[in-house]
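Read through the structure below, which is laid out as structure tokens, and then see the notes.
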Amino acid sequence: MSLSLPLAAQSARPAPSRLDSLILQAQKPSRYAGGELNAIRKDWSQVDLKWALAFPDTYEVGMSNVGFRLLYHALNDRPDALCERLFMPWSDLEAALKREQLPLFSIESRAPLSAFDIVGFTLQFELCYTTVLAMLDLGGVPLLTKDRRRDDPLILGGGPCAYNPEPVADFFDCFVVGEGEEVIHEISSAVRGWKSGRGSREELLWQLAEIPGVYVPSLFEIRYGPDKTISAIVPKKPGYETVVRRVVPDLNLVPQAEKPIVPFMQTVHDRLPLEIQRGCTRGCRFCQVGMITRPTRQRDPNQVREIAKRGLASTGYEEVGFLSLSAGDYSCINGVLEDFFEEFGPENVGISLPSLRTETMTPRLAEQIGRVRKSGFTVAPEAATERMRRVINKGNAEKDLLHAVDTIFEAGWDVVKFYFMIGLPTERDEDVRAIVNLCAEALRRGRKKNQRASINVGVSTFCPKPFTPFQWDAMIPLEETNRKHGILKDEVRKLGRSFKDLHVKPHDARQGALEGALALGDRRLATAVLHAYKAGQRLDGWTENFQLDVWQEAFRACEREHGVGLAFFAHREKGQHEILPFDHIDCEVQKPYLWDERMESLKEGATDDCAYGNEHCTACGACDYEVVDTIVFKSADYAPQAPRPKVELPKERTTLRIRYAKDGAAIALSHLETMTAILRAFRRAKLQIPHTQGFNPKPKVGFGPACPVGTESEAEYLDLELFGTPDPAHVARHISAELPLGFRLLACEPVPASAPSVSASIRGLRLRLELPEGAPSLAGPLETLAQTPRALVMREREGKAPTPIDLKTAVSELVLEGERTLRFLLRTGEGEATARPAELITHLVGAEWAAPGVTRIVREGVVFAQA
């Protein structure tokens, strides 16, 4: 479902006729292209520059990335440019595209990847590299930059991995090192000017290298010594010895979308994203993002409230994510939360703080976050012993963690999630055992505050990253990771059944070593990446797609060609003066500073945070004190809003029964996704809807029977409860104005409060099946069905015995129109036999005609129970 198309939800073996037409239709312009609320589609003939933002993962992952979304809107704000999005399709759609010899295309206009001027890939983590190659290949773009011609797109990379892009340097024309909000416009102007002339591709790359923060790998020669380490990094362009990162000095200058995109499907982070702080100077020695995003820059708290207000009004989201490396570090967090809940609490809008440090958790903060809904709560201690926390400069103590747990459970949460790492430098077995023992103590204390207390523990293997004090350290091999996992399992086993609510789940160890090699590797690893891709690897971040044996063979191929393999890059300690693959990239935190911090870790020394009350600069090099410096607000900088006048909601309640249609892109939505899209439309329409009570209040909206994915409908129903006695016509107008593409409101009528719910009232569904040309006639199978006393089909259920369904009981009023169109009544409701349209189709003409997207299925009406 990664491209928001009905096709994308199909299985790997659909029947050809209907599927083929769907693929071909996807290439044609349509008002349903993409379909998401607030997506932007421009006229290609009216702009000079075409950008594609490509995320090398599935749609639900990519659309959760805040930077990806910000750049999309920033580029579309340019009158001379357009920007569209591409994601990696699941294997079924990839196979369909290859079978039909169709290219990977964009969501907005269905344009092939090769049609764009610039394709910008977000490189969020190293295991996405094979997916980049898959997308280029599907899009008809040569994999190697040396093979591209003048008319091929400029392939650009950005994101955290651009700080060491050497393993994929052969596949990219250039990279943006650092923050992209400003540099994308300079790149746009350069490419636009180049397009109007006759310059070569090489001349364009030379021009791009003049832009601060743009790294062109082909303008550097890498030399290797007899010991296989790098002996020199030689620039080919005078004055281009290093590439200094780009940094936006003031977060308040980062443009925010007035109308952010609202995906139809549920994304990984399904909420309104709002970045409240960028950068971190806590100095955790394992943390790359804490080094490369320095200094700390906070958003003006007065701006935070206004951005949230506009975003909620234009999206209908029920939750806002306050994004930073740790929201508890945001100096005005309590005041902002108080005002937020004062304004949006009555509308049951919640807040998500993705991660909190244990030492910043206070009873006041916990109470604020839990005012609307209480889901899971995440904290990241990282290490379980005081010694290890000093080694990594985490800056918290065991008492902080236990106090945080007490506070969270006492405030009413049932579940807390912890994150720890194993394999950190100087770690001992007792440090690994301490993870389980510390969590067990936290659960003991938590049960005293909340009997339902439960703790989930995620344990990942430490991976050394560039531009951190641990970049010289070796990563532990897979065998050692598995041994440490065994220690964790043994400790959990010792606790016994009394600690069944403590769930320790180590992350998949197989991917870790590869990530470590790719994070610290050089250009010779392009051989391994290309080999793995050609062997079928893509979407390696998904455990079901990752194949360790394929990657191990890829590294062996690299070793055969270059004499270096997995162990050389991942499991070897580097010397202080060794030239690292990324030494020509300047993140402005200086290499000597990082080495000094490594030495401090061996002495368990502390380095203070320079952003919060510590006037002593640590001289890391990130600030120039003129343009780039720390920006931290104080409580006095925040102007609390005037208290919201109390609005007494009417005691009267009205229930409206709404009928609506689903077609176009909306038929690709599941029942849950349909419910979410409708409820967000109600929020945008500013309807006053009563909510349930409890930890997770829900709006009082009751939906009718689920409409299967791929089924069109002219008869979807829901019951909507509202405060007061509003005019149904007025409500209908407001709802119609906010419904996304593919939804149409057909009726809105009041029903008595005593009436049965819509789900309890519907007794039958009237459907129409339209088999495609070339399908068998339905006349014979229907005659056979009519003469059969019973027509049993067996419904398979995972982990359960098959359920027999009698189609003779479940289906009635069959009327054949022509040879291939059938109308019938499908019985539903309590005590009635139920069947699915696909089961009827399979029984009549075979399973190949029941595959999604092959036969057109339309829900035309419903039958209500007699009053």
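The values are calculated or read from the model by the stated rules, or taken from the named source; none is laboratory data. This structure is a prediction, so every number in the text was calculated from the model and none was measured. Quick reminder, even Gly has a Cβ in these numbers, built from the backbone with ideal geometry, and neighbours come from all protein chains shown. Accessible surface is based on the protein model in full, side chains and every heavy atom, while ligands, DNA and RNA are left aside. Shrake-Rupley method; radii C 1.70, N 1.55, O 1.52, S 1.80 Å.
Observations, loosely collected:
- Residue order for Ser777, Ser761, Ser498 - accessible surface, 1.4 angstrom probe, largest first: Ser498, Ser777, Ser761
- Too-long pairs where the Cα-Cα distance tops 32 Å, listed order kept, from Lys484/Lys574; Lys399/Lys574; Lys417/Lys634: Lys399/Lys574
- Extension gain for Arg556 to Lys489 (0.36 nm times residue separation, less C-alpha to C-alpha distance): 20.9 nm.
- As an equivalent ellipsoid, the stretch 80-186 spans semi-axes of 22, 16, 14 angstrom, where each value is the square root of five times an eigenvalue of the C-alpha gyration tensor, largest first.
- Per residue, the stretch 438-505 exposes an accessible area of 46 Å² to a 1.4 Å probe, with every protein chain left in place.
- Within the stretch 232-276: backbone nitrogen closer than 19 Å to the Glu342 label point (7 Å, Cα to C-beta): none
- Per the Kirkwood formula applied to alpha carbons, the stretch 398-444 shows a radius of gyration over Rh ratio, Rg over Rh, of 1.03.
- Cleavage-rule hits (GluC sites (Glu not before Pro)) in the stretch 811-867: DSSP loop, at most 16 neighbouring Cβ within 10 angstrom: Glu819, Glu830, Glu832
- Trypsin sites (Lys or Arg not before Pro) within the stretch 726-811, DSSP loop, no more than 12 other Cβ atoms inside 10 Å: Arg790
- By average C-beta atoms within 10 angstrom, highest first, the peptides 654-662, 461-469: 461-469, 654-662
- For the stretch 480-622: rounded, prolate or oblate by the Cα gyration tensor [a/c cutoff 1.5]: oblate
- Descending Cα extents along the principal axes, the stretch 321-450, whole Å: 50, 30, 18
- Reachable lysines from Lys42, criterion Cα separation under 19 angstrom, eight or more residues apart if same chain: Lys28, Lys50, Lys259
- Most tightly packed first, judged by the mean number of other beta-carbon atoms within 10 Å of their residues, the peptides 230-240, 565-575 read 565-575, 230-240.
- Anisotropy class of the stretch 426-496 from Cα gyration tensor, a/c 1.5 cut: prolate
- Correct choice for P(r) over Cα pairs in 20 Å bins from 0, in percent that was computed from the model, options [x] 13, 39, 34, 12, 2, 0; [y] 12, 32, 32, 18, 6, 0; [z] 13, 42, 36, 9, 0: [z]
- Expressed as a whole percent, the accessible surface of the chain that belongs to carbon and sulfur atoms is 52, based on a 1.4 Å probe.
- For the stretch 117-214, the solvent-accessible area of protein heavy atoms averages 32 Å² per residue (probe radius 1.4 Å; ligands and nucleic acids excluded).
- Prolate is the label for the stretch 725-816. Its Cα gyration tensor axes, ordered a ≥ b ≥ c, give a/c of at least 1.5 and a/b above b/c.
- The stretch 695-849, accessible area per residue, ligands and nucleic acids excluded (1.4 Å, Å²): 51 Å²
- Think of each Lys and Arg Cβ as +1 and each Asp and Glu Cβ as -1; about the Cα centre, that makes the dipole of the chain roughly 1960 debye.
- Of the chymotrypsin sites (Phe, Trp or Tyr not before Pro) found in the stretch 666-711, the ones in coil according to DSSP and having at most 13 other Cβ atoms within 10 Å of their Cβ are Phe695.
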